[in-house]
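All remarks here apply to the structure that follows.
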Protein chains: 2
Amino acid sequence: MADDVPMRKRVEEYIHKLQDDIVGAFEKLDPNAPPFKRDSWIRPQGGAGRSCVFAVPFSPEGAPPPQTILEKAGVNVSVVHGTLPPPAIKQMRADHSSIPDIANSVPFFAAGISLVIHPRNPHAPTVHANYRYFEITQEPTEEEKAAGKPGELIAWWFGGGGDLTPSYLYEEDAVHFHRTIKDACDAHGADLYPTFKKWCDEYFFIPHRGEARGIGGIFFDDLCEESHKRFADDAKRPKSPDDIFAFVKSAGDAFVPSYLPILERRCRTPSTEAERRWQLLRRGRYVEFNLVYDRGTKFGLMTPGARIESILMSLPETARWEYMSELGTEAETREAQLTEVLKTPRAWV
Amino acid sequence: MADDVPMRKRVEEYIHKLQDDIVGAFEKLDPNAPPFKRDSWIRPQGGAGRSCVFAVPFSPEGAPPPQTILEKAGVNVSVVHGTLPPPAIKQMRADHSSIPDIANSVPFFAAGISLVIHPRNPHAPTVHANYRYFEITQEPTEEEKAAGKPGELIAWWFGGGGDLTPSYLYEEDAVHFHRTIKDACDAHGADLYPTFKKWCDEYFFIPHRGEARGIGGIFFDDLCEESHKRFADDAKRPKSPDDIFAFVKSAGDAFVPSYLPILERRCRTPSTEAERRWQLLRRGRYVEFNLVYDRGTKFGLMTPGARIESILMSLPETARWEYMSELGTEAETREAQLTEVLKTPRAWV
């Protein structure tokens with residue numbers, strides 16, 4: 001696509017293609033499973049989206065569910081626009097230092113892809129990824145309006161990341177996931193992966209459990225031309241819109257190769273009911289993180305008119321809670337091995 | 001007990017006896033089920049508690065679980081004390097107008113009983129109740145310390161309530177639950193039930209779903225001698241410590257008669273897998289309320305050193321989430337009947 005195409009259009013085109021590629025890859029892996037359900041929606045306040053959702057129809061009268069590779073999955077694209085009132089701008093400035101101090105309401109544009117994959121097999125990890133682009137502009141002039149153009153750009157940034165949440169630790173899976181993502185990062189600056197790996201460990205953390213949600217990956221936000229609180233000014237990292245977008249595309253394109261080989265080699269591992277139980281307990285922790293701490297989820301739940309079904313698409317089909325469960329506490333077990341690595345994040349590559 | 005016994009002792013004795021009575025009632029109802037597990041614990045920063053928890057051991061290799069009446073339940077008593085730093089006092093003053101403006105740290109005392117019962121049968125409702133007493137005092141003088149007495153009382157209040165969360169609506173159950181609680185309230189002032197019923201509908205509400213958690217009951221907080229934001233000054237309600245404690249005891253004593261007859265008549269209702277599925281979806285909503293909105297849970301999760309297992313005891317054994325589930329949306333179904341009453345709270349008595 002020519003470089004004079006506006007960034008919002010280029011991002012929109014990219015995330016729709018990435019959504020198709022990702023959904024296609026899962027459908028090809030399990031051709032006998034029901035296809036993802038494509039669900040296009042319109043946001044009444046401006047914009048639209050498409051949710052692609054995998055679920056297995058409920059089995060009546062206790063019949064065992066069809067043995068699909070995935071249990072529940074959602075790959076969601078949204079491209080929305082509207083007006084940010086001053087209190088929302090103020091709140092946003094806390095996280096995004098590139099936003100100037102503006103006293104009036106301004107137009108915004110946001111485009112993103114967000115996905116969570118919960119496989120059925122307890123030995124196959126859950127994965128999450130999310131890439132997004134945000135713009136704040138001046139109100140368009142009459143001429144800009146007539147030409148169908150947005151107003152002058154005030155601030156823009158990219159954010160995103162991806163992380164892996166296994167119930168059972170396979171070190172080679174963790175290494176493969178991190179290695180693939182690191183390679184995608186390194187091509188765009190040597191400081192990206194170490195900075196975003198650390199940020200991911202800090203972000204996907206459940207304080208009340210004293211443990212990470214999973215074995216990490218990368219997380220970043222507020223990436224733009226301005227100075228960034230997590231980078232030195234001379235850090236090796238992309239700064240221009242084109243260079244940052246190129247990095248985001250590399251990270252997005254790395255999703256399928258980072259995860260699919262892991263899913264392929266774990267999805268048919270024989271498993272026991274006790275392993276399923278542990279998987280469901282881990283899914284309970286996933287629910288705790290998403291509902292109590294995840295900024296995107298919290299922001300979404302507080303936003304009047306938000307599309308709740310898309311926001312909560314990330315939740316697992318089934319989760320379990322036990323009081324003082326002994327699982328994960330008995331030394332030398334595979335469950336305790338996971339708990340240990342969640343309490344002490346490791347360098348995988 | 002003689003009236004010159006300090007309130008904190010009287011409350012402590014009452015909630016321990018109530019815990020025994022409630023747990024005993026459930027154990028008597030289902031004598032073949034495993035007994036509640038009694039779990040006494042010490043709070044390192046001061047105080048202690050006892051959790052009584054019901055759970056069914058996990059069935060290995062897919063054997064059907066034993067058909068107990070309860071699926072998961074917790075009845076927790078805690079009696080704790082410590083020091084409230086100025087920021088905590090400030091935060092507390094927002095909800096408790098009886099607390100004066102204090103600049104220094106002060107001792108606090110809190111005693112409460114909290115319970116959640118999740119029965120197995122989809123036709124039997126989940127129930128929650130909680131009664132608590134709170135004191136803030138001056139630092140004890142040397143003489144008070146020597147006599148083992150707390151410092152002079154600065155503020156005190158009672159709080160509590162109980163609410164019913166069915167998956168299937170049985171109007172006679174809702175009427176029985178509210179009637180029993182209303183009778184317990186009315187003996188202590190005609191304004192209690194109407195005020196606390198409304199407060200309950202407002203509190204147990206899930207804004208992002210636009211629906212109540214269940215069919216309500218009562219909820220109250222900050223009940224003391226001072227004027228109260230929900231009562232006119234001449235309202236018919238108890239004001240002295242003795243009168244408020246008498247009301248709280250009536251409400252606590254009403255728990256078993258308000259709920260057990262409902263559980264007895266629903267616990268053996270034949271049910272289908274589709275009804276179980278709906279029950280698990282409703283439990284997902286219960287999790288959403290407790291993790292996202294419940295003040296006690298949120299406060300607990302943010303408190304360093306809090307006993308997480310006791311705080312999250314309220315979560316169900318299993319919960320389920322579906323994207324855009326059709327259950328509850330199809331007119332004229334029993335599921336839609338529940339959804340409707342959750343969207344428009346009713347006067348039951």
*Using only the alpha carbons of region A:14-153, determine the length spanned along each of the three principal axes and report them from longest to shortest in whole angstroms.*
60, 33, 28
*By the scheme Lys and Arg +1, Asp and Glu -1, what is the net charge of all other residues having a beta-carbon under 14 Å from that of A:GLU288?*
+2
*asked:* In whole Hz and in residue order, list the ³J(HN,Hα) couplings for region B:304-314 that follow from phi through the Karplus curve 6.51 cos²θ - 1.76 cosθ + 1.60, θ = phi - 60°; x for Gly and Pro.
replied: x, x, 5, 8, 4, 4, 6, 5, 8, 4, 6
_From the alpha carbon gyration tensor of region B:123-245, can you work out the equivalent ellipsoid semi-axes (sqrt of 5 times each eigenvalue) and give them in Å, largest to smallest?_
34, 17, 14
*Would you mind checking which residues have amide H under 5 Å from B:PHE204's amide H? H placed 1.01 Å from N; only 5 or more apart, or other chain.*
none
*Report the equivalent ellipsoid semi-axes for region A:165-314 in whole Å, largest first, defined as the square roots of five times the eigenvalues of the gyration tensor built from alpha carbon atoms.*
29, 22, 15
_Relative exposure of A:SER325, A:SER40, A:SER310, judged by other C-beta atoms within 10 Å (fewest first)_ = A:SER40, A:SER325, A:SER310
*Relative contact order (percent) for region A:75-186, with alpha-carbon contacts under 8 angstrom and 6 or more residues of separation?*
23
*If all Cα-Cα distances of region A:108-153 are sorted into 5 Å bins from 0 onward, what percent lands in each bin, rounded to whole numbers?*
5, 18, 14, 13, 10, 9, 8, 7, 7, 5, 4, 1
*For region A:18-74 and region A:272-309, compute the distance between their C-alpha centroids and round to whole Å.*
18
*Cα long-axis angle, helix B:171-186 against chain B (0 to 90 degrees, to the nearest 10)*: 10
*Considering only DSSP states other than H, G, I, E and B, which GluC sites (Glu not before Pro) in region B:127-221 qualify as loop sites with at most 16 other Cβ atoms within 10 Å?*
B:GLU152
*asked:* Using Cβ contacts closer than 10 Å as the measure, can you line up B:HIS188, A:HIS118, B:HIS16 from fewest to most?
replied: B:HIS16, B:HIS188, A:HIS118
*Cα convex hull of region A:192-266: how many Å³ per residue?*
103
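Above 12 Å lies some portion of the pair distances; for region B:1-43, what is it as a whole percent of all C-alpha pairs? Could you put the intermediate results ahead of the total?
Values: 630 of 903 pairs.
Of the Cα pairs, 70 percent sit more than 12 Å apart.
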*Going through region B:264-349, which GluC sites (Glu not before Pro) have at most 16 other Cβ atoms within 10 Å and a DSSP loop state?*
B:GLU326, B:GLU330, B:GLU332
*Based on a Kirkwood Rh over C-alpha pairs, give the Stokes-Einstein translational diffusion coefficient of region B:292-336 at 4 °C and viscosity 1.567 mPa s in µm²/s.*
96
*Taking a label point 7 Å out from Cα toward Cβ, give me the nm distances from B:ALA25 to the same spot in the other copies, shortest first, one decimal.*
5.6
*Per 10 Å bin, what percent of the C-alpha pairs of chain A does each bin hold, from zero upward?*
5, 24, 33, 24, 10, 3, 0
*How long, wide and thick is the protein assembly as shown, going by the Cα atoms along their three principal axes, in whole angstroms, largest first?*
86, 59, 53
*Under the definition of Cα pairs under 8 Å and six or more residues apart, what whole-number percent is the relative contact order of chain A?*
15
*Once the label point is placed 7 Å from Cα along Cβ, list for B:GLU264 the distances to the corresponding points in the other copies, in nm, shortest first.*
6.2
*Kirkwood Rh, region B:153-195, all Cα pairs: how many Å?*
12.4
_Across the identical copies, how the B:VAL56 labels are spaced - nm, sorted shortest first, 7 Å along Cα→Cβ_ = 2.1
*asked:* Inside 10 Å of the C-beta atoms of A:284-295, what's the mean count of C-beta atoms belonging to other chains?
replied: 3
*On average over all directions, what projected area in square nanometres does region B:227-349 have, based on the convex hull of its Cα atoms?*
12.0
*Comparing B:GLY300, B:GLY210, B:GLY159, which has the greatest mean-square fluctuation in the GNM of chain B with Cα pairs linked when under 10 Å apart?*
B:GLY210
_Test of understanding: ordering B:MET92, A:MET324 by Cβ neighbours within 10 Å, fewest first, what list do you get?_
A:MET324, B:MET92
*Estimated [θ] at 222 nm from DSSP helical runs (n ≥ 4, -39500 (n - 2.57)) normalised by residues in the protein assembly as shown, nearest 500*: -12000 deg cm²/dmol
*For region B:79-159, what size does the Cα cloud have along each of its three principal axes, sorted from largest down, in whole Å?*
57, 30, 17
_Angle check, please: helix B:7-29 long axis (alpha carbons) against the longest principal axis of chain B (alpha carbons), in degrees 0 to 90, nearest 10._
20
_Nearest the rotation axis from A to B, which residue of chain A has its beta carbon, and at what whole-angstrom distance?_
A:LEU291, 2
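Note down the Stokes-Einstein diffusion coefficient of region A:164-227 in µm²/s, whole number, using a Kirkwood radius over alpha carbon pairs, 37 °C, and 0.692 mPa s. Mind dumping the intermediate values first?
Values: Rh = 12.8 Å.
For these conditions, the coefficient is 257 µm²/s.
What translational D, rounded to a whole number of µm²/s, comes out for region B:49-105 from Stokes-Einstein when the hydrodynamic radius is the Kirkwood one over Cα pairs, at 37 °C and 0.692 mPa s?
Answer, rounded: 209 µm²/s.
Rule-based calculations on the coordinates, nothing more; no lab input. As the structure is a prediction and not an experimental result, all values here were calculated from the model. For neighbour counting, all protein chains shown are included, and Cβ atoms are generated from backbone atoms with ideal geometry for every residue, glycine included.
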